[in-house]
Amino acid sequence: MLRISQYLREVAAAERSGTYPKAKRRVQAQGQSQTSTEPKPSGPVVIWNLTRRCNLTCKHCYALSADHDYPGELSFAEVCSAMDDLKTYGVPVLILSGGEPLLRPDLFEIAARAQAQGFYTALSTNGTLIDAPLAERIAAQKFDYVGISIDGTRATHDKFRRLDGAYDASLNAIRLLHAQGVKTGLRYTFTDLNDQDFPALLQLMKDEQVDKFYFSHLNYAGRGNIHRGRDARFDATRAALDLLFETAWQDAVAGSERDYVTGNNDADAAYLLRWVQRRYPQWAPALRERLVAWGGNASGVGVANIDNLGEVHPDTMWWHYPLGNLRQRPFSAIWSDRSDPLMDGLKTKPRPVKGRCAECEHFALCGGNTRVRAQQVTGDLWAEDPGCYLDDAEIGLSAEASARLSRVETTAFNYSTKLTPKTIAIHAA
């Protein structure tokens, strides 16, 4: 996740003072952002899909969820046992997700235990089930953050979510939570089905006094893979990011606390750097240092996923690739195991990427971007990311290098093939 507002606030502060601010590590403690000189937590942020059941069947769902029970989901006791290991391993954040996590009967008991152990505890929901009493209960639970998905204006959102009235229900949830003082955020997945609604959603954020806007690029997983032809074209992506950056910049200059972040396309870091270079070139070198320190794609390193059955994945978009199950091995053992070829490559610095990614001058910022898209399109984990919207000149690629790379043939691969460590190794060879 790229914290657009954090970096633009730094540039705004430099403009005011004439000096680029010193780096401060952000930590989360008891619902507040703080700075710290303590060692960085050793474990990743964990997105935990506590249940796969969902009352919606969204077009871009990576979990392919539906409204029925899924046998074999982790029990409360198993969740608690795993949580103990996560705490010992240094995991700082738990994002409780689904499916729809509010359909899990013991959700609030799980949240209470996570909070008692000191985790920053967030809730990721579609919001359609939140009425006034449930909003009061969520507020009483004191979640550090609640993210609600809004993928367009009313007609677009309802089509995306495949439920008439979904938009009104989710918007009402945002209003109810805001009235209870809960920190909330809008989560938006950008595709060519809903790109036209993006400006309206930015305005909605302001009108409803929402704290955070999460702009997610489409990633090729679950129904998002089935519908990857709906991925927004690159010109539209760039136009949307230009608007996002300008909106975040105006808020940063005005001292607003609204936050804007992006995810699932780490080329955004390079594009943000170019945006600053064109407007405030004197601060671009310092910003580049910050972005290099951030490091780009965090799959398998700074972010992890546990699904409803206890399978561990490098992130939520790798549900087709399990690393191990909590019922057989603790998370700490699974996450530290580099015998798996995918995890070994993700943890290798620099990652063994190929093509344009290998020759990109922004590789240190981006980390090779999202490996899922490369794998789903070519079968090669380390091929260039087909979702990179930067042109050859923007990544420092010469005409000669561009011509040479264009002659490289990519092995055709059926993206519906079930992936295993063995097939990963074969197609990465």
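The values are calculated or read from the model by the stated rules, or taken from the named source; none is laboratory data. Note that the structure is a prediction, hence the values are computed from the model and not measured. Every residue, glycine as well, gets a Cβ built from its backbone with ideal geometry; the counts of neighbours run over all protein chains shown.
Evaluate the stretch 4-24: report whether one residue or more is under 28 Å from SER124 (Cα atoms), among the aliphatic types (A, V, I, L, M) and at pLDDT 95 or above. Scanning the stretch 4-24, I find at least one residue that is under 28 Å from SER124 (Cα atoms), among the aliphatic types (A, V, I, L, M) and at pLDDT 95 or above, so the answer is yes.
Within the stretch 139-146, is there a residue that is crowded, with 20+ Cβ neighbours inside 10 Å and either more than 19 Å from GLY98 (Cα to Cα) or among the acidic types (Asp, Glu) (or both)? Quick ask: steps written out before the conclusion?
Residues of the stretch 139-146 crowded, with 20+ Cβ neighbours inside 10 Å: 143-144, 146.
Next cut, either more than 19 Å from GLY98 (Cα to Cα) or among the acidic types (Asp, Glu) (or both) only: 144.
Yes: the stretch 139-146 contains one or more residues that are crowded, with 20+ Cβ neighbours inside 10 Å and either more than 19 Å from GLY98 (Cα to Cα) or among the acidic types (Asp, Glu) (or both).
Listed conditions (1) touching a helix residue (DSSP H, G or I) at 6+ places or on another chain (Cβ under 8 Å); (2) part of a loop (DSSP other than H, G, I, E, B) are all met by GLU394, apart from (2).
Among the residues making up the stretch 203-234, those that are in a helix (DSSP H, G or I) and either modelled with pLDDT under 95 or surrounded by 20 or more Cβ atoms within 10 Å (Cβ to Cβ) (or both) are MET205, ARG223, GLY224, ASN225, ILE226, ARG228, GLY229, ARG230, PHE234. The residue that is surrounded by the fewest Cβ atoms within 10 Å (Cβ to Cβ), counting only those in the stretch 314-347 that are among the small types (Gly, Ala, Ser) and in a helix (DSSP H, G or I), is SER336. Selection over the stretch 348-367 of residues that are touching a Cys at 6+ places or on another chain (Cβ under 8 Å), crowded, with 24+ Cβ neighbours inside 10 Å and either of a type in the set (S, T, N, Q) or over 15 Å from SER402 (Cβ atoms) (or both) gives a count of 1. Of the residues making up the stretch 187-213, those that are hydrophobic (A, V, I, L, M, F, W, C) and in contact with a Phe, Trp or Tyr (Cβ under 9 Å, 6 or more places away or on another chain) are PHE190, LEU193, PHE198, LEU201, LEU202, MET205, PHE213.
Within the stretch 368-389, being within 17 Å of LEU218 (Cβ to Cβ) and in a loop (DSSP other than H, G, I, E, B) holds for ASN369, THR370, ASP385, PRO386, GLY387, CYS388, TYR389. Of the numbered criteria (1) basic (Lys, Arg); (2) surrounded by 16 or more Cβ atoms within 10 Å (Cβ to Cβ); (3) modelled with pLDDT under 95, the one LYS183 fails is (3). Looking only at the stretch 256-298, residues that are in contact (Cβ under 8 Å) with a residue 60 or more places away in the chain and either in contact with a Phe, Trp or Tyr (Cβ under 7 Å, 6 or more places away or on another chain) or under 14 Å from PHE215 (Cα atoms) (or both) come to 18 in all.
Only one of the numbered conditions (1) surrounded by 24 or more Cβ atoms within 10 Å (Cβ to Cβ); (2) at pLDDT below 95 is violated by THR378, and that is (1).
For the stretch 80-110, filtering for residues that are surrounded by fewer than 17 Cβ atoms within 10 Å (Cβ to Cβ) and in a strand (DSSP E or B) leaves 0. When ASP144, ASP207 are checked against the criterion of being under 25 Å from ARG3 (Cα atoms), touching a strand residue (DSSP E or B) at 6+ places or on another chain (Cβ under 7 Å), of a type in the set (Asp, Glu) and in the same structural domain as ASP251 (by TED's automatic domain parsing), ASP144 stands alone in meeting it. Condition check: among the polar types (S, T, N, Q), surrounded by 21 or more Cβ atoms within 10 Å (Cβ to Cβ) and at pLDDT below 95. Does THR370 satisfy that? Criteria met by THR370.
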